[in-house]
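Have a look at the structure below before the remarks.
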Amino acid sequence: MRPRTEWISHTDESLRIISDDLWSRVRRRVQPPKGDVRLKSGGKAKYLLSGLLRCDVCDAHYTITGGTSYGCSSHHDGNACSNSIRVRREHAEAKLLEPIRQDLLAPERVERMAHEMQSYYLERMRTIQDRAVEAPQELEELAARITRLKDRLKHGDPDLTADELQAAIDRAEEKRRELQRTQLVGHHGLNVAAILPRAAELYRRQIVLGLHGNPDAALKARAFLREWFGGKIRLEPLPDGGLIAHWNQNVGALLKGVGTSGSGGRI
């Protein structure tokens, strides 16, 4: 049997769906080149910013190109994007991660954040505890309602279909679980002022170890950084050949709680 590429080259050109150039670009996109470092690591991300950087032009991932720099994968794997600007990995890490390690996770700043978050948390706890006082009676009523609904589902009901009854049961059970969680939280306090500094120091160590090539620490640090940067960092190309980084900063990533929006700067 002839190779498919040769067979296509001898078909009627009027029947062609895509050009050879587009076909080649698609092949480059879906098949990593030989020697791709991702193949040697089993496809696992190696660096702290891997998976976070996105092209602001086409939303493709910024990936390691040439072994040392991040570049728009859509541009470098097929010229499907006009953004050709690269940034050295070490430079991107210094600009984006050093401020977190040196300033935002510094003990003094973390202590201030802890006190602010503790006040917010205590206010929420008072609301939850007030709700928890009423929970036992509501739970009793919900349990009785669920029993009645299940009995109607078992024996049939002239007014509601089986699907409608099951939906009502599901809603009541979810409401019961919510009240049970309220009870649990209402009886357990959280000392944010004590937990936050410990969490910040842990993440600081993971970032430092990750920057020095520790794969386990890098994996844990990336999970934190994804929360911190709001899921992604958009890299916008500038006319002078530079890049500017934008993200939604979530300082509540330390506790996966309170968040604030922000934006970065030029890298």
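Here is how the numbers come out for the structure above:
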read-out	value
Given (1) of a type outside the set (A, V, I, L, M, F, W, C); (2) surrounded by fewer than 16 Cβ atoms within 10 Å (Cβ to Cβ); (3) at pLDDT 85 or above, index of the condition Lys220 fails	(2)
Selection from segment 95-137 of residues that are modelled with pLDDT of 80 or more and charged (D, E, K, R)	Lys95, Glu98
Any chance Leu209 is hydrophobic (A, V, I, L, M, F, W, C) and at pLDDT 70 or above	yes
Total residues in segment 45-85, condition closer than 23 Å to His212 by Cβ and assigned to a loop (DSSP other than H, G, I, E, B)	11
Residue among Lys44, Lys40, Lys34 that alone is within 22 Å of the chain's Cα centre (by Cα) and modelled with pLDDT under 90	Lys44
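The values are calculated or read from the model by the stated rules, or taken from the named source; none is laboratory data. Because the structure is a prediction, the values reported are computed rather than measured. Counting neighbours? That spans all protein chains shown, and the Cβs are built from the backbone with ideal geometry, glycine included.
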